[in-house]
Amino acid sequence: MTEGHEQAPSRQRRRFPDISSRTYEHPADRSALVALRKLSGFDTVFKALSGLLPERSLRLLFLSDSVRVSDAQFAHLHTMLRDACYILDLEKVPPMYVTQDPKPNAMCIGLDEPLIVVTTGLVELLDEEEMRAVVGHEVGHALSGHAVYRTVLLFLTNLALKVAWIPLGNVAITAIVTALREWFRKSELSADRAGLLVGQDLHASMRGLMKIAGGNHLHEMNVDAFLEQAEEYEAGGDLRDSVLKILNVLPRSHPFTTVRAAELKRWAESRDYQRIMDGHYPRREEDKDASVGDSFRESASHYADTVRTSQDPLMKLVGDIAGGAGDLGGRLRDRFTGGASGAANGSGAAGPGEKGE
């Protein structure tokens, strides 16, 4: 994917031939994607929808009013893009544009083929290694097919909004949008992981997220203190704060920056990440055999683990209630089926040497 020594990466990085996007996808993101990929007739619906969406207009807009990244323009970004595609084994390098916007941002959109856009604010904010992680993040979106599914689902949501006058329509639409945004947020966590696989520099990924949160003032910021903010956010407060957290995040398409940093650090320190770096990861040739049921079970397990280990007051309450309900259910089952202590002598009475309840 790279051509000549002048386009080689500044340091040697591990490449992942034939890597499946399932390797780095967050469990909730992966379960949704596996289900969509298995959905019978989706390709037919997708082709029908592609003619209704203004994708050609968007491409013409960026072509006419932004700067296309190439060997002749923003050459350092072009090198990063080719390098990211080489590392993640994405055969076709997607077009990339730099658009004038002081707000740091990047996105991957498109139906027929992905299109990457970065703002001047982001280019000016990040150094080379931080930017490499961002480019890898967007290439991860492309490899996962996020651009396709996001565009289609957004179109369906907008279409549904036009019929919101139907009784209970607003309630249904709110549920759709809420679920959609939850998936968006999880897809961002997936892409953060892809960015780390490309950059292979956790500190650079952390610095980039800190800059997005606090601007180009690294001399005033500290990674450990930044991560402490995430810990305080996740564990602090009471039930009122837990509700406010939910209300704050619902309208967002991205997780909060400190939360993204903490999530990425946890993944980087996991055994899964080390196995990937050692060359043990799912291949694309195995994607067709991916089980929807297994993906949903893994997603459910992830959420259960999140509730069990969370320090958030509301999550702890949910876990306590679930645990208490399970314990109560077990005791009731034992009482009425003769299990546990009742099984000792066929009744609910205490056995020899035991105290009654």
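The values are calculated or read from the model by the stated rules, or taken from the named source; none is laboratory data. These figures come from a predicted structure and were not determined experimentally. A quick note on method: Cβ atoms are made from the backbone with ideal geometry, for glycine too, and the neighbour counts reach across all protein chains shown. We work out accessible area using only protein heavy atoms, side chains counted, and drop any ligands, DNA or RNA first. Shrake-Rupley method; radii C 1.70, N 1.55, O 1.52, S 1.80 Å.
Brief remarks follow.
- By average C-beta atoms within 10 angstrom, highest first, the peptides 72-83, 266-277, 123-134, 194-205: 194-205, 123-134, 72-83, 266-277
- Computed label-point distance, nm, for sites Arg15 and Ala235 using a 7 Å Cα→Cβ extension: 4.4 nm
- Pairwise label distance in nanometres, Ala75 with Glu220, each label 7 Å out on the Cα-Cβ vector: 3.5 nm
- Residue pairs, from the table Lys92/Lys211; Lys92/Lys288; Lys103/Lys186, whose Cα atoms sit over 25 Å apart: Lys92/Lys211
- Here the accessible area is traced with a 1.4 Å probe on the protein chains. For the stretch 52-133, carbon and sulfur cover 54 percent of it.
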